[in-house]
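Presented below is the structure to which this report refers.
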Amino acid sequence: MAAIEVIIADKDELPAAQRFYECRGYGGSPIQAKDYVVLAKLQERIIGIGRLTQENGLLWLRGMQVDPQFQRAGVGTRILHLLSVEIGGRQCCCLPYTHLVAFYRQAGFVHAADLPSGLADRLADYVSRGLQVVAMFRPGQSRPNNSFKPTLLRKAA
C-alpha cells in the first residue's frame, strides 16, 4: 500500500478539498482562499482534511474530517500536528464533538470557560441543533492573559 502524505494544500487543491467536505456531509462554511488547509492524501485521493480560518477576530480550527476507512490509523493526528505547527503560539478555538476532547487535548486545546461572543454564539447554535459539542481553545503562548486577539493566517501555498 502507498504511503499516506499529509500536506499543506495549494490553491489548485481547494476545489477537491471542498468536494471531500461535501461528500462527507460536512455542513460548515465553505473553504475560503485565505484558509490554511491541510490534506491527507493516499496517492491523489483525499482521505482527510483540517483547516484554520479567521472569523470574527478569532482563529478557528475547523472541519477536521477523516474518511471512515482511515479513522483510528493516525491520519487525524498527523493532520492535527501540522495544523498545530501553523497555529504556533497563537490562540485558537474549536468546537469538537464531545467524544473527541482527548484528541484535541493532545494539541494543547483545553475546555473554554469564559467564551468570547463568536465562540459562545456558534456553540449555542450547534447545541440548539442537537450536536454534542464542546467549546475548546488553545491558549496563546505570547499573551499571559490568554484573551482572544485577531491573528493573521497565511494563504494556502
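The values are calculated or read from the model by the stated rules, or taken from the named source; none is laboratory data. Remember, it's a predicted structure, so these values are computed and weren't measured experimentally. Quick reminder, even Gly has a Cβ in these numbers, built from the backbone with ideal geometry, and neighbours come from all protein chains shown.
Just to be sure I understand, how many residues within region 8-20 are outside any loop (DSSP other than H, G, I, E, B) and loosely packed, with under 14 Cβ neighbours inside 10 Å?
Final tally of qualifying residues: 4.
When residues of region 101-119 are filtered for being crowded, with 17+ Cβ neighbours inside 10 Å and among the hydrophobic types (A, V, I, L, M, F, W, C), how many remain?
4
If I filter region 120-127 for residues that are crowded, with 21+ Cβ neighbours inside 10 Å and out of contact with any Leu (no Cβ under 7 Å at 6 or more places or on another chain), do I get at least one hit?
So far as region 120-127 goes, no, none of its residues is crowded, with 21+ Cβ neighbours inside 10 Å and out of contact with any Leu (no Cβ under 7 Å at 6 or more places or on another chain).
Go through GLY63, GLY74 for me and flag whichever is of a type in the set (Gly, Ala, Ser) and free of Cβ contacts under 8 Å to residues at least 12 places away in the same chain.
GLY74
Output the residues belonging to region 3-30 that are of a type in the set (S, T, N, Q) and at pLDDT below 95.
SER29, the sole residue that qualifies.
Quick test of your reading of the structure: GLU55 fulfils all but one of (1) modelled with pLDDT of 90 or more; (2) surrounded by fewer than 19 Cβ atoms within 10 Å (Cβ to Cβ); (3) closer than 22 Å to ALA135 by Cβ. Name the failing condition by number.
Failed condition: (1).
Of all residues in region 1-18, which are in contact (Cβ under 8 Å) with a residue 24 or more places away in the chain and among the charged types (D, E, K, R)?
If the condition is that a residue be in contact (Cβ under 8 Å) with a residue 24 or more places away in the chain and among the charged types (D, E, K, R), then GLU5, ASP10, LYS11, GLU13 are the ones that fit.
Starting from region 112-125, keep only residues that are closer than 15 Å to GLN91 by Cα and in contact (Cβ under 8 Å) with a residue 40 or more places away in the chain, then list their pairs with residues that are surrounded by fewer than 18 Cβ atoms within 10 Å (Cβ to Cβ) and of a type in the set (D, E, K, R) whose Cβ atoms are within a distance under 8 Å, requiring at least 6 positions of separation or different chains.
As it stands, the answer is GLY118/GLU55, since those pairs meet every condition given.
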